[in-house]
Every structure is written in structure tokens, then in C-alpha cells.
Amino acid sequence: MIGALHAMAMLQVALPSATRPAVITVGLLYFAVIIAISIWAARRTRTASDFFVAGKGIGLIALTVASVSVSVSGFAFIGGPGLIYAVGLGAMYIVLPAAVTNVMGAWVLAKRMRLLAEARGLITIPDAIGARYRSRAAQGLSAIAILFGIVGYMATNALAMGVVINSIFGVGLGWGIWIGMGITLAYSASGGILAGIYNDVFQGTLMGVASVLVFLFVLQFGGGLGEISRTILAHDAAILSPWGKLTPLAALSFYFVFSMGSLGQPQAVHKYYMLRDPLQLKWYPLLKTLGLILVLLLYFGVGVGVKSFVLGGRLAPLTSPDQATPTLLLDVTPIVLAALVFSGVAAATMSAANSFINIGAAIVTHDLPIAFGRRVTNELRWGRIVTIVIAVAAAVTAQRSGTMVAFLGIFGWGLFASTLVPALAVGLNWQGATRAGALASIATGLIVTLALETTAYLKVFRFPAGVTASAVAMVSSFLVFFVVSWLTRDNAAAEIDPDIRLVMDI
Amino acid sequence: MTRRAALIALFSAILAIAAGYASAFSKGGAPTWGAWLLALGIPIALGAIMILGAVRGKQGIGSLKFPFAFVILVLMIGFGAALALPGTEGPLSRLWLGLPLRAAIVIYGVGLLPIIVLPVAYAMTFETLTLSSEDVDRVRAVGRDRKSGVPATPEASAE
């Protein structure tokens, strides 16, 4: 859910060295389990459907934990607590939408996408857009938009992996990137999404356990949430005001972008195709929401906890806000707990990278050829080849300057949200939406996001506080979608195939 | 009717949010009413898109109107209280479950109350209002028919 900010946070943080025997041992055990799961999954991957959607054969619990794992990313462990340390509760508006986003996704997308997989055997998000609007152009344009976002996400995740692995093993940033991407690539290329899902299950479990343990430790160390709050209120009360040190508009803007935008995040939406039995969707939102809350306990606990410990004189002032988690782990908590969290951060970056590699490979080998009226003859073999190309390209890009890579990663979330939410989330639930509306909306999201992010990066202008390119692009895309669909509404009914209409009516 | 109302609500809420963002470009920074537009527009937009997803065919949303109304109100009241209540946080503030009042409203109200209601409502009404085994069978039958005769990808002829 919060991968866009993950970029900046992970790139700006110079993680301190955690090279201690316990951390290295837990790190090695972590990688051994990843390799074992990957070998097991590779033996079970025989078709393109196995490779891209795990043959629609994932059970409820596995899918839930995997979905939590890819939704979180390392930002929840490092950048998020640092943001709370810096700006207070305003940073919570990034994660507060978790209370509604999973069930919103279930009502708006999960059922219809899973039924589309039954009716048409669809395996990608552009597939769903193409089928809904009976349009290869819409499928191709949405595929290009997703590919743009993936380029950024992959580079930032590769760099984040390098930072974490270097911190654990002390191998240097460059080798950290290649080791992290190499292992992720090995399981992505051999076992596809099946390896990804079961590694996500392991990684998500690790993240959940680490988060809960750290949260409980912070409460115990701080004498309870009340004592932690009292210390903060005595020294810097604005941290615990409802907006923290942000403006109300900025905090609410976070909530809007990270709630509505969640409906367009391919790494989460793509998972709806994979559930073995559509009727198991019944418990999916409840389980995923509870899992997400557990993983996010660290975000809140470390953020306010470290602020309180620093203000109360129990910890030295931090050199930068992003040092909140590493400082707590290495200076205060038992080293085994630190080892678990460092492995958890590596897990978060690897699960996100794997998911994006898989989606990117599906776009290149499946959606783009369809958009041009062609079919790849052996999607499984080409899927593996493209997986390797994407991973190597991401690792090479990640070796470039951090600022450049941060820029690439920053617009991922907003690009997915502005290009996919109206056409996919509204379009699958409104038969009045038209092909022209979808095309105009996707194009608007793509152009507005790229134009605003690029000009902001080049410092051509600055947004006022609280306004972001992601928010402007998503709002523009919505309005264009409604207006163009309304103007071209005469064709709406004729553009929907009977089986798609049935899926939309149910 | 329900679907139409949800669409109008979603469009209106997005317009309100757009106006809220536009207000930030005014001289002197965002006026207070700009944040209020987001505080009201966001709950309506989220509620409307959930209702849009929950409507089946020409039916309404049945008993789901209660959890949807509850969550829209919780978000509106939570954001509204954070904007309207005076900022009096200090060392002697009364704490509610470990947090000062306005923070507790946001963290426990906006962040946790919807979890108690929405996913449970989804599960409780799943077979009757969302998806039944008969629905799945119908879609599978259509899928089988299509597989036997029609290609599964978007038709080029439609472009």
C-alpha cells in the first residue's frame, strides 16, 4: 500500500551496520528458507497460468498473508516510523485507510475480477480492462501505464534490497543489490508467482511476528502508551495533534490518495485472480485487514515510541528521522529481535520486487502482444526470459544515483491509481462507462502524472502544501472518465459482451 | 436507482475534493474550507464506490445500507472532530486509551472502528448480497460456452 513513499525513505536512509553474528545467522536462515520454497515451487510450475496466476489455485490463508506481504513494503518498517518521528500523527493518514481499503477492494473489484477469471481465463489487469471495454487499445494503454510504474518501483526496490543486505552482511551496496535481485530473480524466474506467493507467506509471517514483538517491546520499555504520550505531550504536543505537524489538507490528502488509490495497485489487485475458490472471498477482507493491522503496529509503535524515548532523554537525538527503527533495534531491543526485523525488511522489499517482476513479465509477454494483435507462442518460456531482463535492468538502474532512482519510484503509486482506478474499479461496476471514457481516463492519468512529477522534479514549480501530483492526476482522471463516458454514452451498452455483462450484473 | 445515486455521489465527491485541492493554490495558502471539502468528500467518495461495487443488477444494497452509512458517518465525524475541536493537547490532557482526545478520535475512530463493522458485514451478507455458488455456476457455464466457440481475448473487430 505504501510503496511509493518507500522509495524516498529507503533511499535517503543510510542504514547503520547491523553486522552481528545473530543478525547474520537469522539473515542466512531467512535466505535458506526462501531458496527451499523456490525449489519446491519451481517443480510445480508447468504452464503460463501457473507462472502468472498460480493456476488460480491459492488457498485463502496463503493468499491473505501473501497479499499483506506485498501490500506493505519496507516503508512500514523504516520510512514510516521515521515519518511519524518527524511529523507526528499526520503520517498515520498513510496507513489509516487500511481500515477500509481491503473490504472496499473486495466489494468493488475482487468478486468481478475473480469471476472474469472463471468466464474468460483472464490473467492480468489489462486483460480485465480489455475485456470490459472490448478494446485492445485500452488493454495496451493500461499495460503501458503499469509498465511505467513498474520501472520505477523495481529500481527502488532493488536499491532498498541493496541497502538492507549491505546493513546485515556488510557486503557493500553494489553487491547487496546484485545479491538481493539475484535471489529474487532466481525464485521469480523458476517458480513464477507460485514461488512468489509461498515466499510471500513466509515473508508476511516474518513481518507480522517482528512487528508485533517490536510493538509489545516498545510498550513495555515505554511503560505503556499513556506514559509514552505523556512524555511527548510534555515536550512537543503538536506530534500528538490529529494532523501532527502537517496541514489538515496534507493529512487528508494522504488519506484520499492511499484509500482510493489502493483500488489501482496491481500487486494487490492481481491477487484476486489467484484464489482457488471464488466463494472463499467471504473472509478475505477481514483476514487481510487484521493481518495488515498486525504488520502496521510497528509503524505506529516505533514512531511514537522513539519520539518519546528521545524527548524523555532515554535515547540520543537521531541524526535523521529514518534512523528511528534502526536506532531502537540496535541500541535498545534484544539483538534477536533486531535480526528478525532486518530480515523482515529484506522480506518486504523482496516480496514487492517479485510481485512487480511477475506483473511486468505478464505485460510484456501477454498484454502488449495482444494489444498489437499477436500472441506469444510460449508464454511460460518468454515469461521467464522477460523476468530475467526486468530484474537485471532494475539492478543496473539501481546502481545509478539515489536521487534519480527515488524520482523513478516516487510516481509509481500515483501512476497506478490515476490510470487504473476509474477505468477498472468504476468501469467494472458501471455499464454506462464507455471505451472512450476509459481510454481518455487512462491517458489523462498517464500524461498528468508524468508531466507533473517530471516538472516538479526539475523544480519548474512547487505544489502548495497538501497538493501532490498523484492527487491531481487521480482527480483529473476521474473527472475525464465521467465526462467522456457521459458524452459518448450512446455506445455504452453495445460495447459490453454478454458474459462480461453477466459478471457485472452479479 | 441505487447505482445512479452512488454514481452521482461519487462524481460530486470527486468535484468537492478537486475544489479542495484547488483552494490550496489561493494566495495565503489553503483556506479552512478547503480541508472541510476533503473531510466531507473523502467519506462520500469511498462510501459511494463501495455501494457501486455492492449493488447487484437492478437490486439495491439491502441491509448493507446500515454498515455503509455507519462508516461514512464515522469518517465524517472523525475528520470533522479533528478539524473542529480546539487544539488543547498538553501534559495534563486527559488520555483516552493512551491518547489525547483528538488523536484518539482519529486513531481509534477513523482507523479502527470501520474494521469492526465493514469486513464483518461483508462476510455476514456474502452469500445473499455478494456471491452465491449459483452465481459462480452461472458464470462457469457461460465461460464453458464461450470457450467452445468464441476467442477469449478482446476482439479486434470491435475497435
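Remarks
- Straight-line reach from B:LYS58: taking Cα to Cα under 27 Å and skipping same-chain neighbours fewer than 8 places apart, the lysines in range are A:LYS111, A:LYS282.
- Estimated from helices alone, the mean residue ellipticity of chain B at 222 nm is -21000 deg cm²/dmol (sum of -39500 (n - 2.57) over DSSP H runs with n ≥ 4, per residue).
- Förster-model FRET efficiency, 41 Å R0, B:SER148 and B:SER63, C-beta, rounded to 0.05: 0.55
- Each label was represented as a point 7 Å from its Cα along the Cα-to-Cβ direction; for A:ILE39 and A:PHE461 these points are 5.8 nm apart.
- Cα shape, the range B:28-117, gyration tensor, a/c 1.5 rule: oblate
- Shape category assigned to the range B:60-159 from the gyration tensor of Cα positions, a/c cut at 1.5: prolate
- Lysines whose Cα lies under 23 Å from that of B:LYS27, excluding same-chain neighbours fewer than 8 positions away: A:LYS245, A:LYS459
- Taken residue by residue and averaged, Cβ atoms of other chains lying within 10 Å of the Cβ of A:424-434 number 3.
- Protection proxy ranking for A:109-119, B:20-30, B:114-124, A:451-461, using the average of other Cβ atoms within 10 Å per residue and placing the highest first: A:109-119, B:114-124, B:20-30, A:451-461.
- Extent along principal axes [Cα atoms of chain A; Å; largest to smallest]: 69, 50, 44
- Peptide A:278-287 has a mean shielding of 5, counted as Cβ atoms of other protein chains within 10 Å of each residue's Cβ.
- Residues A:PHE258, A:PHE51, sorted so that the one with the fewest Cβ neighbours within 10 Å comes first: A:PHE258, A:PHE51
- The range A:228-294 has equivalent-ellipsoid semi-axes of 36, 17, 8 Å, by the square roots of 5 times the alpha carbon gyration tensor eigenvalues, sorted largest first.
- Relative contact order %, chain A, counting alpha carbon pairs below 8 Å whose residues are six or more apart: 30
- C-alpha center-to-center spacing [the range B:118-141, the range A:100-155] in angstrom: 21
Laboratory data are not the source of any read-out in this text; all were calculated from the coordinates shown. These numbers were taken from a predicted model, which means no experiment stands behind them. All Cβ positions, even for glycine, are placed from backbone atoms using ideal geometry, and neighbour counts span all protein chains on display.
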